[in-house]
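The values are calculated or read from the model by the stated rules, or taken from the named source; none is laboratory data. Since we're looking at a predicted model, the values are computed, not measured. Note that we place each Cβ from the backbone using ideal geometry, even for glycine, and neighbour counts take in every protein chain shown.
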Amino acid sequence: MKLILGIGNYGDIYKDTRHNSGFQAIDLLADDFGIKINKKAFDALTYKGTILDNDVLLMKPLTYVNLSGKALIQAMNFYKLEKEDIIILVDDMDLDTGTIKLKEKGSSAGHNGLKSIISVLGSTEFKRIKIGISKPTFNSADFVLSAPKDKDEYNKWKDGISKACEALEYSLKYSFEKAMNIYNSHVQN
């Protein structure tokens, strides 16, 4: 089983914010396959089923960004999953808006959701698809909890979320390594 977790904050006020890029990619995946992520389990909204011949558990934690690992570890323990079985979808300020990067390991780069996951796993070695939101031009907390105001930047951000979903689907159909080879060749930062 693959556990696919989107990092984000639960609630309508956070829905269209940069920090919810992971949630939005999960929602896009669900839309692509006509599924609903509405069961509450493991401190998260979940869907357990099959996508592209893979058994999957999709998760949108209700714990908010800073405690994403709490929801993750509950599901991993219940299903006896290993860190190799997880894929995290997350916003990244070090990537240009609209770009994505797939990685199999790495630091948190200051992202509190990744810090939480690293803490519960005791490891930085897990798959992630990073969605570029660019560097903040103002207070970073306010920046990640808002949507881009500029229409072009907003559209680039949404394109990045679409690319992340596309890369995730490709990784489920083929492999994460093959997806890295294809989608990372376009990273500009």
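Annotations for the structure displayed:
- The stretch 144-189, subset among the hydroxyl-bearing types (S, T, Y) and either without any contact (Cβ under 8 Å) to a residue 60 or more places away in the chain or exposed (fewer than 14 other Cβ atoms within 10 Å of the Cβ) (or both), residue farthest from I4 (Cα to Cα): Y154
- Of the candidates I129, I133, the single residue that is crowded, with 18+ Cβ neighbours inside 10 Å, closer than 16 Å to G8 by Cα and at pLDDT 95 or above is I129.
- Residue within the stretch 15-25 that is modelled with pLDDT of 90 or more, crowded, with 19+ Cβ neighbours inside 10 Å, hydroxyl-bearing (S, T, Y) and touching a Phe, Trp or Tyr at 6+ places or on another chain (Cβ under 9 Å) present: yes
- The stretch 137-177 - residue that is assigned to a helix (DSSP H, G or I) and among the hydroxyl-bearing types (S, T, Y) and, of those, nearest to D96 (Cα to Cα): Y154
- L95 being at pLDDT 95 or above, touching a Gly at 6+ places or on another chain (Cβ under 6 Å) and of a type in the set (A, V, I, L, M): no
- Qualifying residue in the stretch 30-45 (condition: out of contact with any Phe, Trp or Tyr (no Cβ under 9 Å at 6 or more places or on another chain) and of a type in the set (K, R)): yes
- Options I118, I86; residue that is in contact with a strand residue (DSSP E or B) (Cβ under 6 Å, 6 or more places away or on another chain) and among the hydrophobic types (A, V, I, L, M, F, W, C): I86
- Matching entry among D16, D53, D27, D32 (being of a type in the set (D, E, K, R) and at positive phi): D53
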